[in-house]
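The values are calculated or read from the model by the stated rules, or taken from the named source; none is laboratory data. All of these numbers come straight from a predicted model, not from anything done at the bench. Every residue, glycine as well, gets a Cβ built from its backbone with ideal geometry; the counts of neighbours run over all protein chains shown.
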Amino acid sequence: MGSGALQVLSAGRHRSTDRISGHPDDELWISAKELERATGWMLKPEGLCRGDVCTVLAPSDREGWVDGDTVCASGLWQSLGRPVLHDDARSVWVLGEAASERNSRLESLEAPDFTLPDITGKLHSLSDFRGKKVFLSTWASW
């Protein structure tokens, strides 16, 4: 049941915020305002909205992931079919994009920009290396 400062990375955005205490460490509970600042998605009565696009939340999703003006960003994200990754040791959470959004970018053959911390916590963006050769090495357990 942790609390304290953490980093949230989402769609090219980086936000330092505070975790809402009293919730499990494997869930990201933050204020609804911080969710909007970190992701661009706003919690409204009809669901999660970004600009004119809204994703309706089922009552069961809202009941499990919304508590007053705080939200379980990781739970909401996963309920929308979006990937979530966190490194508890470094207090970093990554809220990924939906596969449909990523697929449209693959057609351009240009890697989307992203920002990730190195082992010391310093943030690096792919866009910092535009025009240079970059080797990306990834790994997944599945």
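Number of residues in the stretch 47-65 that are in contact (Cβ under 8 Å) with a residue 24 or more places away in the chain and out of contact with any strand residue (DSSP E or B) (no Cβ under 6 Å at 6 or more places or on another chain) equals 0. Return the pair list, or none, for Cβ contacts closer than 7 Å from residues in the stretch 87-115 that are at positive phi to residues that are at pLDDT 75 or above and of a type outside the set (Phe, Trp, Tyr), at least 6 apart or on different chains. Qualifying pairs under 7 Å: Ser91/Ala5; Ser91/Leu6; Ser91/Gln7. None of Arg15, Arg37, Arg82, Arg62 is in a strand (DSSP E or B) and of a type in the set (Lys, Arg) except Arg15. One residue stands out in the stretch 83-110 among those that are out of contact with any Gly (no Cβ under 8 Å at 6 or more places or on another chain) and surrounded by 14 or more Cβ atoms within 10 Å (Cβ to Cβ): the one that is farthest from Thr17 (Cα to Cα), namely Glu97. Only residues that are in contact (Cβ under 8 Å) with a residue 12 or more places away in the chain, touching a helix residue (DSSP H, G or I) at 6+ places or on another chain (Cβ under 8 Å) and farther than 15 Å from Gln78 by Cβ were counted in the stretch 35-46, giving 2. Flag set for Ala98, criterion: touching a Lys or Arg at 6+ places or on another chain (Cβ under 6 Å) and modelled with pLDDT under 85. Could you list, in sequence order, the residues of the stretch 44-74 that are more than 18 Å from the chain's Cα centre (by Cα) and hydrophobic (A, V, I, L, M, F, W, C)? Listed by number, the residues that qualify are Val56, Ala58. Among the residues in the stretch 94-112, are any in a strand (DSSP E or B) and either closer than 27 Å to Arg130 by Cβ or not acidic (Asp, Glu) (or both)? The answer is yes; a qualifying residue exists. Consider the stretch 69-82 and keep the residues that are farther than 12 Å from Leu95 by Cβ and modelled with pLDDT of 85 or more. The one that is surrounded by the most Cβ atoms within 10 Å (Cβ to Cβ) is Thr70.
Of all residues in the stretch 95-125, those satisfying the criterion of being under 19 Å from Trp41 (Cα atoms) and touching a Phe, Trp or Tyr at 6+ places or on another chain (Cβ under 9 Å) are Leu95, Gly96. In the stretch 40-53, the qualifying residues are those that are outside any loop (DSSP other than H, G, I, E, B) and not small (Gly, Ala, Ser), and the one that is surrounded by the fewest Cβ atoms within 10 Å (Cβ to Cβ) is Val53.
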